[in-house]
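Structure record follows, encoded as C-alpha cells.
The values are calculated or read from the model by the stated rules, or taken from the named source; none is laboratory data. From a predicted model like this one, the values you see are computed outputs, not experimental measurements. Cβ atoms come from the backbone with ideal geometry, glycine included; neighbour counts cover every protein chain shown. Accessible surface areas use protein heavy atoms only, side chains included; no ligands, DNA or RNA. Shrake-Rupley method; radii C 1.70, N 1.55, O 1.52, S 1.80 Å.
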Amino acid sequence: MTVESTAARKTTRRSSGTKRTASASASAKKATASQSAEPELVQLLTPEGQRVQHPEYDIDLNSEELRGLYRDMVLSRRFDAEATALQRQGELGLWASLLGQEAAQIGSGRALRDDDYVFPTYREHAVAWCRGVDPTNLLGMFRGVNHGGWDPNSNNFHLYTIVLGSQTLHATGYAMGVAKDGADSAVIAYFGDGASSQGDVNEAFVFAAVYNAPVVFFCQNNQWAISEPIEKQTRVPLYQRARGFGFPGVRVDGNDVLACLAVTRSALERARRGEGPTLIEAYTYRMAAHTTSDDPTRYRRDAEREEWEAKDPILRLKTYLENEGHADAAFFEELEAESETLGKHVREVVRAMPVPEHMAIFDNVYADGHALVDEERAQFAAYQASFEGGEAE
Amino acid sequence: MAVQKLPLAKALNESLRKALETDPKVLVMGLDVGKLGGVFRITDGLQKDFGEDRVIDTPLAESGIVGTAIGLALRGYRPVVEIQFDGFVFPAYDQIVSQLAKMRARSLGTVKMPIVIRIPYGGGIGAVEHHSESPESLFAHVAGLKVVTPANPSDAYWMLQQAIQSDDPVVFFEPKRRYWDKGEVDVEAIPGELHKARVAREGTDLTLLAYGPMVKTCLEAAAAAAEEGKSIEVVDLRSISPLDFDTIQASVEKTRRLVVVHEAPVFFGSGAEIAARITERCFYHLEAPVLRVGGYHAPYPPARLEEEYLPGLDRVLDAVDRSLAF
C-alpha cells in the first residue's frame, strides 16, 4: 500500500470513526463536538447555537437576514412534512423528503443571484423555495400529473432530474454557455453522495475544469444513497476529489446555514471572477427515508439519527436567534401561523390538481411535429370518441 | 457556382461551414473536431476559420459531450455534436435517451433541444470492432428523437442544415463508406423536406427500400436486375424517424412487392417496422410478403468477414428473386 492511500484510509476511518465513537459513547453531544472539531469542516454556527469564526469564511448578517434564513428553513420543513403526510394519505405516489438538509439548501440557495441558474436533483425543495418556484409545482411529478410542472427559465431553476448526476453535465454545459456569452452569472449543480459515484458527475468535473466553467458543484453528502452508506461510495472525503480534477473542494457543515451561505457565496464569486468551478461537500444527514417507499430501519441504527438530531439545522439557528436577541416570541408565533397557512394551501392545491387531458400524452414530444405522433394522436382521439356515446348513457 | 461536384464528406463540411456562418449560436463539438478536422475530416478547417469557441475540441467523454451540449442548448446554443464512431455512442446513450429526448415533453414544451448528433455509421471500411455498427433503430425507437441519414452528397449538404435548423434533437447518421463518393450539390437549390422519402429510381416490378449506405447498393442491384428485364424501383428513405409511409405505400401500390434493405441486424430492425406497417396499409396490394435483407443477429464480425455480413448485390438480388417467385 502506498503512503498516499494509507493516508486516505486514515482520513476515511477518522470520519467514519467519529460516528462509531458517537454511538458507542451514548453521548450525542460529545459526538457532535468531536465532529465539529474536524479541521476540514467549515462551521460558523455550532450545534449548540454558538457563533464561531473561520479564518477563510465569514459572514455578517443583520437580524432581519438571520430571521429570513430561519423562516426559509422552517417553511421548507413544513412544506416537506405536509408532502410526506399527503403521500401517506395517498395523495402523492411518492415523496423524497429533505428533512435534515434545510440548512444546506437554504444556505446555498440564498447565496444565489436571480441571474444564476440552478440544476437540481429531485430533493431540492428548499432551493426551489429560494428561487421563488411555487412549492406546489414541485408536487405534480410526485402526484403523477406531469414530469416537472414549471418553466425552468422563469426562475432559472431547471427541472428535477431523477437519473443520478445527469444534471451536473447540463449545468456544466450551461455554464460554458454563460462564459461564451461573457455574462458574469454562475451556475450551481446539486447532487448527492450516491451520485458522486456516477460517471456523469466525474465527466462534469473534467469538462468544468478543462473549460474553466463558472459552475459550483454542491454535493449534499447526506451519508446514505438509499441503503448504501457513504463508505460504499468513496474511500476519501468527497470534497478532496476536486483536487484531482484541478479545482478546489471544500467541506462545509451542511447543518449550518451560515456556513453554507458563506461557502457557497464565496464559490459563486470565484466562478463569476472567471476562476472556474468549486466542489462544495455539505456534510449533512438525511433524517427521513430516501423516499416514502424506503424503510431505513432495515439498514441504519436509530442511534445514528439521534446523533444527527442533536445537530439539527433549525434548532441551532433558533438557539442563536433567541440567545442573541435577533428574534422575539412574536416572530416565532407569527412564523408558526404562516406555516399552518402554507400547509393548508399545499393540501388544498394538491387535492385539486387535475388529471391532465388524455390527449396530453402526445403534447410537446416534438417541437416541429412528427408524422407518427400525429397519426397515433388521431387514432387515439378516434378510439376515445368511440366511447362517448356509451358514457353519455 | 451553385452546382458543385463534391464527395459526401466535403458536402457535410460545406454544410457545417454554412451553418456556422449563418447562425452565431451554432457550435460544433466533439473529439478531434478542431485541429485534426475530425477523423474523417468532416470538420476540416472549421476551427481555423471559426475559432476554438465555435468549433470545440472536447475531452474524451461521450456522455460529457452530449450532456454539456444539452446545457448549452438550454442556454440558447445549437450544438452539432460529433460522435466519432457508431459503437462509441453508447456511453452517451443515457444522456440522449433519458435526458435529451425527453426534455421538451418534461418541460411541457417550455424548452427546446436543437441538438444534432452526427454519427458516422455502418461497415465496409475494414475497421476494427465498434467502428462499423448500425444502431439507428435503437434511436428511432425513442420518442423525442428524430433520426435521419443521407445517401448522397446533395442530401448530406441539405439534410444536415435542416437538422441543425430543427428545434428537435436529430440523430444524424452518416454513411461512412460513402464519404468519398462524389455527387452534384446545388447550394442554391430549394431543398426537399427533411423527413420525406425519395424515389431514387423508377420501376414497376418491385420496390427496393433502403437508406444511407444501402441506397447505392440497391441502385446497383436495380441496374443489374434491369439487364435481366426486371424493372426495380428504389426508394431512399432518408428519414428513419419519422418514416414517410406515404411514399413507401405509393411505391408498393404500384409495384406490389417490397424488399427492405439495411446493414443493421434484421431482428427488431427498422425493416420490421416497415414490413408491419406496410402490410397493414397495403395488404390487398401485396403479391408477396415484405422481405428483409440485413445484418445477422451476431456482433458485427471482424473486417475479413464483413463482406459476408453486409448485404451486397447478390443478397439483394436473391431477395428480389424470392419476392418475384411468389
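Observations, loosely collected:
- Solvent-accessible area assigned to carbon and sulfur over the protein assembly as shown amounts to 51 percent, based on a 1.4 Å probe.
- Region B:286-326 residues near the modelled B:Phe267 label - backbone nitrogen below 15 Å, point 7 Å along Cα→Cβ: B:294-301
- Threshold 50 Å², region B:91-107 residues less accessible with all protein chains present than alone (1.4 Å probe): B:Gln99, B:Arg104, B:Arg106
- Ranked by the mean number of other Cβ atoms within 10 Å of their residues, highest first, the peptides B:27-39, A:103-115, B:302-314 come out as A:103-115, B:27-39, B:302-314.
- Per-residue mean of foreign Cβ neighbours for A:178-190 is 2 (Cβ atoms of other chains, 10 Å radius).
- Among B:Tyr93, B:Tyr284, B:Tyr300: highest mean-square fluctuation, GNM of chain B, C-alpha pairs under 10 Å: B:Tyr284
- Rounded accessible area per residue of the protein assembly as shown, 1.4 Å, Å²: 40 Å²
- Contour excess over end-to-end distance, with Cα ends at A:Glu340 and A:Ala381 and 0.36 nm allotted per residue: 10.4 nm
- Tilt relative to chain A, helix A:166-181 - C-alpha long axis, 0 to 90 degrees, to 10: 90 degrees
- Loop-located GluC sites (Glu not before Pro) in region B:11-102 (DSSP state not H, G, I, E or B) with no more than 12 neighbouring Cβ atoms inside 10 Å: B:Glu52.
- Amide H partners (placed H, <5 Å) of B:Arg292, local residues excluded: B:Val260
- Peptide A:160-173 - average C-beta neighbours from other chains (10 Å radius): 6
- Peptide B:139-148 shows a mean partner chain C-beta count of 2 within 10 Å per residue C-beta.
- Positive-end residue of B:Ala197, B:Pro114, B:Val170, charge dipole of chain B with Cβ unit charges: B:Pro114
- Taking 22 Å as the limit for the C-alpha separation, the pairs B:Lys18/B:Lys102; B:Lys10/B:Lys35; B:Lys5/B:Lys35; A:Lys180/B:Lys48; A:Lys180/B:Lys35 exceed it in the case of B:Lys18/B:Lys102; B:Lys5/B:Lys35.
- Compared with the dominant principal axis of the Cα atoms in chain B, helix B:313-324 is inclined by about 50°.
- A Förster radius of 35 Å combined with the Cβ-Cβ distance from B:Leu305 to B:Phe90 puts the calculated FRET efficiency at roughly 0.95.
- Unit charges on C-beta of K, R, D, E only; dipole of the protein assembly as shown, Debye: 1600 debye
- Measuring heavy-atom accessible area with a 1.4 angstrom probe and counting protein chains only, the residues of region B:67-81 that give up at least 20 Å² relative to the chain alone are B:Gly67, B:Thr68, B:Gly71, B:Leu72, B:Leu74, B:Arg75, B:Tyr77.
- Note on chain A: GNM, Cα springs under 10 Å; of A:Glu340, A:Glu40, A:Glu375, the largest mean-square fluctuation is that of A:Glu375.
- For the pair A and B, total buried accessible area rounded to nearest 100 Å², probe 1.4 Å: 3500 Å²
- Beta bridges by DSSP in the protein assembly as shown, antiparallel share as percent, to the nearest 5: 20 percent
- GNM result for chain A, Cα springs below 10 Å: residue of A:Arg235, A:Arg143, A:Arg298 fluctuating most strongly: A:Arg298
- Under the convention that each Lys and Arg Cβ holds +1 and each Asp and Glu Cβ holds -1, the size of the dipole of region A:180-236 around its Cα centre is about 100 debye.
- With K and R counted +1 and D and E -1, the other residues having a Cβ less than 13 Å from that of B:Lys5 yield a net charge of -2.
- Ordering of A:280-288, B:178-186, A:66-74, A:352-360 by burial proxy (mean other Cβ atoms within 10 Å per residue, highest first): A:280-288, A:66-74, B:178-186, A:352-360
- Cα→Cβ-extended label distance, 7 Å offset, between B:Ser98 and A:Asp368, nm: 2.8 nm
- With a Förster radius of 22 Å applied to the beta-carbon distance between B:Leu324 and B:Lys254, the computed FRET efficiency rounds to 0.90.
- With each label modelled as a point 7 angstrom along the Cα→C-beta vector, the B:Leu313-B:Asp246 pair spans 3.7 nm.
- Mean silhouette area of region A:88-209, derived from the convex hull of its C-alpha atoms and averaged over all directions, reads 7.8 nm².
- For B:Lys196, a cut-off of 21 angstrom between C-alpha atoms picks up these lysines, skipping any fewer than 8 places away in its own chain: B:Lys146, B:Lys216, B:Lys254.
- Degrees between helix B:8-22 axis and first principal axis of chain B (Cα, 0 to 90, nearest 10): 40 degrees
- For region A:360-388, heavy-atom accessible area (probe 1.4 Å) falls by no less than 30 Å² from the chain alone to the full protein assembly at A:Asn364, A:Val365, A:Tyr366, A:Ala367, A:Asp368, A:His370, A:Glu375.
- Computed over all pairs of different Cα atoms, the Kirkwood value for the hydrodynamic radius of the protein assembly as shown is 28.2 Å.
- Ranked by how many other beta carbons lie within 10 Å on average, peptides B:316-323, B:67-74, A:89-96 from highest: B:67-74, B:316-323, A:89-96
- For A:Lys311, the lysines whose Cα comes closer than 24 Å to its Cα, not counting residues fewer than 8 places off in the same chain, are A:Lys19, A:Lys29, A:Lys30, A:Lys232.
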